[in-house]
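I have a structure here, written as structure tokens, and I will follow up with some questions on it.
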Amino acid sequence: MSQHFLDGFAFLQGWLFENAVEPAMFAMGLGEYIEDAFEGVEWFLAGLCEVAALYLVLRPLEAVIPAQKMTDRRARINDFIYTLIHRLGFFSMAVFFTLDPVMDSIAAALRMEGVRPFNLENLMTGFHPLAGFLMYLVVLDFFDYWFHRGQHKFRWWWALHSLHHSQQNMNLWSDDRNHLLDDLLRDVYMAVIALAIGVAPSQYVLLVSVSRALQSLQHANVRIHFGRLGERLLVSPRFHRTHHAVGIGHESQGRELGGCNFGVLLPVWDQLFGTANFAPGWHGTGVRDQFARTNPDGTVRPARDYGRGFWRQQWLGLVRLVEAGNRRNAA
């Protein structure tokens, strides 16, 4: 069955490329990017399949075993807009294929100097191809963990990343609810690392798809955990929900920055670096400053508006970024 699916996928990729993408590329004078465009069609179709599969599997689970009652249906629809932007490859694909020739030029220059470019897969010679794929997944996840730590460490970065945490109705599409500038930083970072360790474009598509599918499960509104052992092997919806919990997962000792459970796919990094929190419970999600608070002097701090629609959320993210910069300059 899997072979039939792959054959059908390849046929659809070829048909769509030959009948729509290729003529459009030549019409716009972009013939030199034809090879990249073919890879782009693969990324687009993989995204479509991914979105459809996630909906068919996770949406029924959200209805049957929800972690919390949905109080804002519109919030889920808005998150789906983010998913379409990111899962269809417009961002990741553009960044990867822009950096690919740059990294090739660097590799060529190094070869001229007698330096052989590093390729992680060369260390896996004699192993099954799946072992090489898993090795890439683990290495990329390690770097992704530290990227996530950075988003919660620096105030300017948190100003962007807090949009992701402002969702009080987490759902299967919430993984993609990010500021576009924050996503651009991450896509450049991950693409550079992937290219540096020798990941091929076709491998990168699959690596990103697997990672994103697992992250959709983590963010889904489902009451699921993996048991005492499983929770320590793979990030579960409960483990990651703790990361999104108000006042727990993205704060440290009452401060806005810090937190726990930064692992993207594997909790092992949290365990190694002391940021794991396996406490049971299904906490409410959001950011503390979304709720009005009373200051020690008795004055009331109003709730911060993170916006409801896509463009409003993007604009307010830039406002928070400027505010963070002003606070740093004032300090």
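The values are calculated or read from the model by the stated rules, or taken from the named source; none is laboratory data. None of the values given here were measured: they were computed from a predicted structure. With ideal geometry, Cβ positions are generated from the backbone for all residues, glycine too; neighbour counts draw on all protein chains shown. Accessible surface is based on the protein model in full, side chains and every heavy atom, while ligands, DNA and RNA are left aside. Shrake-Rupley method; radii C 1.70, N 1.55, O 1.52, S 1.80 Å.
Taking the condition touching a residue at least 40 places away in the same chain (Cβ under 8 Å) and touching a helix residue (DSSP H, G or I) at 6+ places or on another chain (Cβ under 6 Å), does residue 324 pass?
Criteria met by residue 324.
Is it the case that some residue within the range 11-25 is closer than 30 Å to residue 221 by Cβ, among the aromatic types (Phe, Trp, Tyr), assigned to a helix (DSSP H, G or I) and open to solvent by less than 40 Å² (accessible area, probe 1.4 Å)?
No, because not a single residue in the range 11-25 is closer than 30 Å to residue 221 by Cβ, among the aromatic types (Phe, Trp, Tyr), assigned to a helix (DSSP H, G or I) and open to solvent by less than 40 Å² (accessible area, probe 1.4 Å).
Ok, one more. Can you tell me which residue among 290, 314 is at negative phi, surrounded by 11 or more Cβ atoms within 10 Å (Cβ to Cβ) and under 20 Å from the mean Cα position of the chain (by Cα)?
314
Follow-up question, since we're still on this one. Quick one: would you say residue 219 is at pLDDT 90 or above and open to solvent by 40 Å² or more (accessible area, probe 1.4 Å)? Outline the logic, then answer.
Working: at pLDDT 90 or above: yes; open to solvent by 40 Å² or more (accessible area, probe 1.4 Å): no.
When the stated conditions are applied, residue 219 does not pass them.
Of 212, 232, 177, which residue is within 20 Å of residue 134 (Cα to Cα), of a type in the set (Lys, Arg), assigned by the TED database to the domain that holds residue 145 and at pLDDT 95 or above?
Values: 212 fails: at pLDDT 95 or above; 177 fails: within 20 Å of residue 134 (Cα to Cα).
The conditions single out 232.
Follow-up question, since we're still on this one. Sort out which residues of the range 71-80 are surrounded by 15 or more Cβ atoms within 10 Å (Cβ to Cβ) and hydrophobic (A, V, I, L, M, F, W, C), and write them in order of number.
First, the residues of the range 71-80 that are surrounded by 15 or more Cβ atoms within 10 Å (Cβ to Cβ): 75-76, 78-80.
Selection gives 75, 80.
Taking into account only those residues within the range 38-64 that are over 18 Å from the mean Cα position of the chain (by Cα) and under 13 Å from residue 14 (Cα atoms), which is most open to solvent (accessible area, probe 1.4 Å)?
So the residue we want is 38.
Sort through 290, 314 and tell me the only one that's in contact with a Ser or Thr (Cβ under 8 Å, 6 or more places away or on another chain), within 24 Å of residue 82 (Cα to Cα) and among the polar types (S, T, N, Q).
On the way: 314 fails: in contact with a Ser or Thr (Cβ under 8 Å, 6 or more places away or on another chain).
Matching residue, one of 290, 314: 290.
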